[in-house]
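Participant: First the structure, then my questions, so here it is.
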Amino acid sequence: MSTLSSTSNPASAPGRRRTKPGSGAPRKRAKGRPVWEEPPTLIGRFGKSTVLTVVVLAVVVPLYAIILTSVSSEGAITRAGGTLVLVPDGLSLGAYRQIFSNGVVSRAVVVSVVLTAVGTAVSMVLSILAAYALSRARSVGHRFFLGMMIFTMFFGGGLIPGFLVVTSLHGYDQYWALILPSCISVFNILIMRGFYQATAQEMIDAARIDGAGDWRILWSIVLPTTKAVTAVMTLFYAVGYWGSWFNTLLYMPFDNSKWPLSYVLYEYVNLGAKMPGMDTGGATVQHQIAPPFAISMAVVVLTLLPILIVYPFLQKHFTKGMLTGAIKG
């Protein structure tokens, strides 16, 4: 009886080593089991932690240095070699007080917010309509228009023809010239088209049987089931408009009362951190109370701040929108 019980228990068999769950003892990988399903080793965990730490430091340290430099005195910047300050010394908000004192930055913030809101709305409406039309196989000429849009991703007319078109339409020194020439991204449309094509055809067929048209299907079925990609594309367009300055350089370079914040930052950096004056000549303020480099970093902080505030609220949609549909099977 004792012999039977000892041989029937695999753990008590001779030459077999008993291990406790979670003891860290080496285990043989099951045949046919993928490597990524195995528990991570000690070296693997250490390597991942090291890489993640380096990536976090590469992002946090420059941001910390920019914020600290924007509130540093001229002496601290001089002791740092005229570059970014890493050790707090002589903190002051003089740079922020100065950039808001002449009204240029205050107006630029308002202009950037309005341009970003209007431009993002226009871009999303056009992109959604184009992506939905291209996702319907029975739409008229969808292959032709799809081919033309993809063609523009690789071949363009160039800077001079675009400038001539905008100026011939009286867009010089007009706000719409900062939005319409770059309001469509073919890459974003193709991503949205792929999501719209993945919408369950049964739901669309059922809606058509109930008498719904394309507008109703788009609004009540396609958009609610693709909220993730909509949030991601909205973020992409908003970041693009918020940081865009080149169109201002082309079509609105003289009137600083119309400049967005990104172009004000460009002027700070390009002119050696000199503040644009109230006139269009770009004269500097007579009485500077903050070091020029601190003023430049303060404008950088103001430019980055809205994105840092908005991104955490869209981060979950960003992750889902980029991964959903990317893994098949």
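Participant: If the chain between residue 190 and residue 114 were fully stretched, how many nm would it gain, using 0.36 nm times the residue separation less the Cα-Cα distance?
Facilitator: 24.7 nm
Participant: Counting alpha carbon pairs within less than 8 Å and at least 6 residues apart, what relative contact order, in whole percent, applies to segment 101-323?
Facilitator: The normalised contact order for segment 101-323 reaches 30 percent.
Participant: OK, next. For each of 255, 214, count neighbouring Cβ atoms within 10 Å of the residue's Cβ, then give the residues from fewest to most.
Facilitator: Going from least to most buried by this count: 255, 214.
Participant: Would you please give the FRET efficiency between residue 310 and residue 138, computed as 1/(1 + (r/R0)^6) with r the Cβ-Cβ distance and R0 = 35 Å, to the nearest 0.05?
Facilitator: The value I calculate is 0.40.
Participant: What full-extension length gain, to one decimal in nm, is calculated for residue 160 and residue 56 as 0.36 nm per residue of separation minus the Cα-Cα distance?
Facilitator: The residue 160-residue 56 span can extend by a further 33.3 nm.
Participant: Tell me, 190, 178 in order of fewest to most beta-carbon neighbours within 10 Å?
Facilitator: 190, 178
Participant: Report the local net charge at residue 205: Lys and Arg +1, Asp and Glu -1, summed over other residues whose C-beta lies under 14 Å from its C-beta.
Facilitator: Neighbourhood net charge equals +1.
Participant: So what is the relative contact order of segment 42-92, in percent, for Cα pairs below 8 Å that sit 6 or more residues apart?
Facilitator: About 31 percent, as a whole number.
Participant: So, one more: Compute the label zone of residue 148 within segment 180-196: residues whose backbone N is under 16 Å from the point 7 Å along Cα-to-Cβ.
Facilitator: 184-186
Participant: Something else now. Alpha carbon centre of segment 298-312 versus segment 170-185: separation in Å?
Facilitator: Cα centroid of segment 298-312 versus Cα centroid of segment 170-185: 24 Å apart.
Participant: Quick check on packing: order 154-162, 298-306, 167-175 by the mean number of other C-beta atoms within 10 Å, highest mean leading.
Facilitator: Result, highest mean first: 298-306, 167-175, 154-162.
Participant: Next up: Arrange 267, 74 by Cβ neighbour counts within 10 Å, fewest through most, would you?
Facilitator: Ascending Cβ contact count within 10 Å gives the list 74, 267.
Participant: Rounded, prolate or oblate, given the Cα gyration tensor of segment 42-92, with a/c below 1.5 counting as rounded?
Facilitator: In terms of gyration-tensor shape, prolate.
Participant: Same structure again: Can you find, among 122, 156, 175, the residue sitting farthest towards the positive end of the charge dipole of segment 100-206, where Lys and Arg contribute +1 and Asp and Glu -1 at Cβ?
Facilitator: Farthest along the dipole direction, towards plus: 156.
Participant: While we're here: Based on the mean of other beta carbon atoms within 10 Å per residue, what is the order of 47-58, 132-143, 239-250, most packed first?
Facilitator: Result, highest mean Cβ count within 10 Å first: 239-250, 132-143, 47-58.
Since every read-out is calculated from the coordinates, none of them should be taken as a lab result. In this text the structure is predicted, and so the values were computed from the model without any measurement. Please note: Cβ atoms are built from the backbone with ideal geometry, for glycine as well, and neighbour counts cover all protein chains shown.
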